[in-house]
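To keep things clear, I will list the structure first and then write my remarks on it.
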Amino acid sequence: MKTLLFLSLFKRITPVIVVLILLGCQQNTADSPKTPQFNHLYLHVSDMDRSLAFYTSAFDLEVTKHIKKLKRTLDDGQSVQQEINLALLKFPGHYFALEIGETLDSLASNTRASYAHVGIEVEDIKSASERIIQAGGVSSRPITQVETESIQAKTAFFTGPDGETIELMQIISGSF
């Protein structure tokens, strides 16, 4: 029974691992263009400690941030603070991050797997949002400003043509 459960989970997560390995092969350099680029892939996990141990052991990923609090500010100035449990992992010297989270209240309704969204970093979130809408995407969360202990960014979420969730992220300060 445990073997079947493991094989089922392994089949679902293998494509994600392949994408991470391929994207991890591209190193971030100081003169990398700031045009749209993949920033992170988010996976839901049921046990943060177990997942951190797995990904750091199996792939030599490094934990670059472990985030426990998030402040979200809307355009009208209203702020909401929430406790979260997110970790950002990267291959040494690489830009693209695997973001894992134990945050159950953010489970996407459009997926049965543990994959939740792909994050794309942009220079101008308003024009990138308009472009997604013009291409047929649907806004699922408007542009908000988010803050952690070391990152300040604007984010917006969209649903793509097959129900996939896409996060746009414009970094204001800090690094992901």
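Let's see how each residue does on (1) more than 20 Å from GLN170 (Cα to Cα); (2) at pLDDT below 85; (3) surrounded by fewer than 10 Cβ atoms within 10 Å (Cβ to Cβ):
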| position | (1), (2), (3) |
| --- | --- |
| PRO33 | no, yes, yes |
| ASN39 | no, no, no |
| VAL45 | yes, yes, no |
| LEU52 | yes, no, no |
| TYR55 | yes, yes, no |
| VAL63 | yes, no, no |
| ARG72 | no, no, no |
| GLN82 | yes, no, no |
| ALA87 | no, no, no |
*asked:* When you scan segment 129-139, do you find a residue that is in contact (Cβ under 8 Å) with a residue 60 or more places away in the chain and either loosely packed, with under 12 Cβ neighbours inside 10 Å or small (Gly, Ala, Ser) (or both), even just one?
replied: no
*When GLY77 is evaluated against the numbered criteria (1) on the phi < 0 side of the Ramachandran plot; (2) surrounded by fewer than 17 Cβ atoms within 10 Å (Cβ to Cβ), which criterion, by number, is the only one it fails?*
(1)
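In segment 113-132, how many are in contact with a Phe, Trp or Tyr (Cβ under 8 Å, 6 or more places away or on another chain) and hydrophobic (A, V, I, L, M, F, W, C)?
Number of matching residues: 4.
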*Residues located in segment 129-152, provided they are over 15 Å from THR73 (Cα atoms) and β-branched (Val, Ile, Thr)*: ILE132, ILE133, VAL138
_Scan segment 52-63 and tell me whether some residue there is in a strand (DSSP E or B), in contact (Cβ under 8 Å) with a residue 24 or more places away in the chain, of a type outside the set (A, V, I, L, M) and closer than 23 Å to PRO36 by Cβ._
no
*State all residues of segment 140-176 that are modelled with pLDDT under 90, among the acidic types (Asp, Glu) and under 20 Å from VAL80 (Cβ atoms); if no residue qualifies, say none.*
GLU149, GLU167
*Can you pull out the residues in segment 96-139 that are at pLDDT 90 or above, acidic (Asp, Glu) and assigned to a helix (DSSP H, G or I)?*
GLU130
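The values are calculated or read from the model by the stated rules, or taken from the named source; none is laboratory data. Small disclaimer: the values here were computed from a predicted structure and weren't measured. Positions of Cβ are backbone-derived with ideal geometry, glycine not excepted, and every protein chain shown enters the neighbour counts.
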